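In what follows, a single structure is set out as structure tokens and then discussed.
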Amino acid sequence: SDLDELRSLNDNCGAFLIDMEIRERERTGINTLKVEYNKVHGFYIEVTHANTDKIPDDYRRRQTLKNAERYITPELKTFEDKALSAQERSLAREKLLYESILNDLQSVVPQLQTIARAVAQLDLLAGFADTALKRNWSKPEFTDEIGLTVEGGRHPVVEAEMAGGADTFIANDVKLAENRRLLLITGPNMGGKSTYMRQTALIALLAHIGCYVPADRVLIGPLDRIFTRIGASDDLASGRSTFMVEMTEAAAILHHATPNSLVLMDEIGRGTSTFDGMALAFSILRHLIEKNRCLTLFATHYFEMTRLSHEYSELANVHLDAVEHNDRIVFMHSVEEGPANQSYGIQVAALAGIPNAVVRAARKQLREFEQRAAVDPLQPDLFAQGDPEPAEPEPHPALDQLSALDPDSLTPREALDALYALKGLLK
């Protein structure tokens with residue numbers, strides 16, 4: 001009750017002043033009387049000089065102004081003393097009461113912590129159950145065999161944000177196994193590659209924290225960690241560019257991923273030149289298959305990499321489907337077996353609002369590149385086996401004879417004869 005009174009004084013000061021002003025106007029008959037406060041002089045009653053003859057006996061002068069007098073009364077002085085110290089005293093009182101509660105609870109803190117942990121766990125599990133029922137999630141199955149199988153997998157956040165929810169989200173399957181450790185994902189920008197990869201990682205994570213998952217059926221083998229290299233970010237304050245961050249994250253994956261790890265690689269090598277980037281992507285993919293042997297989803301726009309499926313039986317090509325019609329593109333968001341045939345980058349640029357003149361120029365430039373590549377490819381095949389080292393050429397007699405000549409000792413006639421002799425050797 002003491003704390004309530006102090007808080008009331010602090011919070012309801014304005015109401016008290018208004019109430020006192022009304023009462024004092026009625027008591028004195030001075031309609032212009034004001035009850036106010038400022039930080040310098042505190043609380044006061046202000047009366048103009050014209051009404052000083054109506055001042056009651058209990059008013060005490062506090063300050064004289066040009067056109068008015070300011071007074072204080074015993075009642076207002078008492079309120080002032082309480083109000084000005086109310087905040088400080090309320091904080092002190094609150095601290096005292098709080099410490100008293102803590103002292104009373106010391107003996108039962110272990111029991112309270114046990115109860116809190118139990119309530120938190122119940123709350124978490126109830127949240128899992130409620131989500132699973134509302135969103136039609138399924139119970140994941142675990143197996144000792146290496147792999148990850150998802151049937152009808154969905155991205156929980158994207159699905160929840162869509163107007164139709166599960167009715168409009170295009171569900172997709174994932175199949176990773178001992179003999180199918182890496183999925184090389186190609187397809188158009190905006191086609192859904194990143195969503196497909198992220199939903200797979202989220203499904204694995206949800207299953208491992210004891211939650212049902214957004215899929216029709218999930219079978220998960222032993223997983224120790226999830227590694228991701230997704231998105232573009234920099235750390236310029238530390239002197240690291242976007243590409244440097246990308247390579248740092250890729251390095252961490254190559255050093256630490258195990259055969260039981262799930263790895264997501266999205267557009268590796270895109271932050272540098274075409275040759276550098278493709279060479280890095282190719283080498284990183286090879287290392288993941290040959291050395292790390294982890295379960296990997298590897299998205300790329302380097303279509304040349306799809307040929308690696310002929311070299312590695314553990315690599316499978318999948319792509320996000322799209323349909324082009326009248327220079328427009330419709331994303332199907334469905335994952336199909338096999339590689340994609342193009343990235344549809346120019347069509348996506350048009351969807352983004354790039355001016356038509358720029359889009360037309362890009363199409364023209366693309367045709368020129370494709371025509372030139374048919375004759376003299378801009379990009380050599382970085383994945384073909386290198387040519388064997390060329391054999392040393394047989395020494396030519398003309399070179400031996402030329403090296404034996406001493407130009408400084410030859411007469412003009414001898415030099416001419418030597419030249420004819422060399423020419424004869426070259427026939």
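The values are calculated or read from the model by the stated rules, or taken from the named source; none is laboratory data. Quantities reported herein were computed from a predicted structural model and do not represent experimental measurements. Cβ coordinates were reconstructed from backbone atoms using ideal geometry, including for glycine residues, and neighbour counts include every protein chain displayed. When the accessible area is computed, the model is the full protein with side chains, heavy atoms only, and any ligands, DNA or RNA have been set aside. Shrake-Rupley method; radii C 1.70, N 1.55, O 1.52, S 1.80 Å.
Among the residues of region 259-291, none is identified as over 18 Å from Phe227 (Cβ atoms), in a helix (DSSP H, G or I) and touching a Ser or Thr at 6+ places or on another chain (Cβ under 7 Å). Screening Val174 against (1) at pLDDT 95 or above; (2) within 25 Å of the chain's Cα centre (by Cα); (3) part of a helix (DSSP H, G or I) leaves a single unmet condition, (3). Being modelled with pLDDT of 85 or more, surrounded by 16 or more Cβ atoms within 10 Å (Cβ to Cβ) and polar (S, T, N, Q), is that true of even one residue in region 255-265? Among the residues of region 255-265, at least one is modelled with pLDDT of 85 or more, surrounded by 16 or more Cβ atoms within 10 Å (Cβ to Cβ) and polar (S, T, N, Q), which makes the answer yes.
Residue check: Cys13 meets all listed conditions (1) open to solvent by 80 Å² or more (accessible area, probe 1.4 Å); (2) of a type in the set (A, V, I, L, M, F, W, C); (3) in contact with a helix residue (DSSP H, G or I) (Cβ under 8 Å, 6 or more places away or on another chain) but one, namely (1). Scanning region 310-333 for residues that are outside any strand (DSSP E or B) and either of a type in the set (A, V, I, L, M) or more than 19 Å from Leu295 (Cα to Cα) (or both) gives Asn326, Asp327. Of Asp123, Asp130, Asp144, all but one fail to be in a helix (DSSP H, G or I) and either in contact (Cβ under 8 Å) with a residue 60 or more places away in the chain or open to solvent by 90 Å² or more (accessible area, probe 1.4 Å) (or both); the exception is Asp123. Which of (1) touching a residue at least 60 places away in the same chain (Cβ under 8 Å); (2) touching a Ser or Thr at 6+ places or on another chain (Cβ under 7 Å) is the odd one out, the single condition Thr32 does not satisfy? Among (1) touching a residue at least 60 places away in the same chain (Cβ under 8 Å); (2) touching a Ser or Thr at 6+ places or on another chain (Cβ under 7 Å), Thr32 violates only (1). The criterion of at least 1 residues that are under 60 Å from the mean Cα position of the chain (by Cα) is met by the following strands (runs of 3 or more DSSP E) wholly inside region 2-99: 34-38, 42-48. Which ones in region 43-55 are in contact with a strand residue (DSSP E or B) (Cβ under 8 Å, 6 or more places away or on another chain) and open to solvent by less than 70 Å² (accessible area, probe 1.4 Å)? The answer is Phe43, Tyr44, Ile45, Glu46, Val47, Thr48, Thr52, Ile55. Just so you know, in region 196-239 the residues that are of a type in the set (D, E, K, R) and buried (at least 17 other Cβ atoms within 10 Å of the Cβ) include one that is farthest from Leu176 (Cα to Cα), and it is Arg229. Answer yes or no as to whether Arg307 is outside any strand (DSSP E or B), under 22 Å from the mean Cα position of the chain (by Cα) and either surrounded by 15 or more Cβ atoms within 10 Å (Cβ to Cβ) or touching a residue at least 40 places away in the same chain (Cβ under 8 Å) (or both). Considered against the rule, which asks whether it is outside any strand (DSSP E or B), under 22 Å from the mean Cα position of the chain (by Cα) and either surrounded by 15 or more Cβ atoms within 10 Å (Cβ to Cβ) or touching a residue at least 40 places away in the same chain (Cβ under 8 Å) (or both), Arg307 comes out as no. The residues of region 37-60 that are of a type in the set (Lys, Arg) and under 13 Å from Ile72 (Cβ atoms) amount to a single one, Arg60. When region 266-295 is filtered for residues that are more than 21 Å from Lys175 (Cα to Cα) and either touching a residue at least 40 places away in the same chain (Cβ under 8 Å) or open to solvent by less than 40 Å² (accessible area, probe 1.4 Å) (or both), the ones remaining, listed by number, are Ile268, Gly269, Thr274, Phe275, Gly277, Met278, Ala279, Ala281, Phe282, Ile284.
The residue of region 55-113 that is modelled with the highest pLDDT, among those that are of a type in the set (Lys, Arg) and under 17 Å from Gly14 (Cα atoms), is Lys77.
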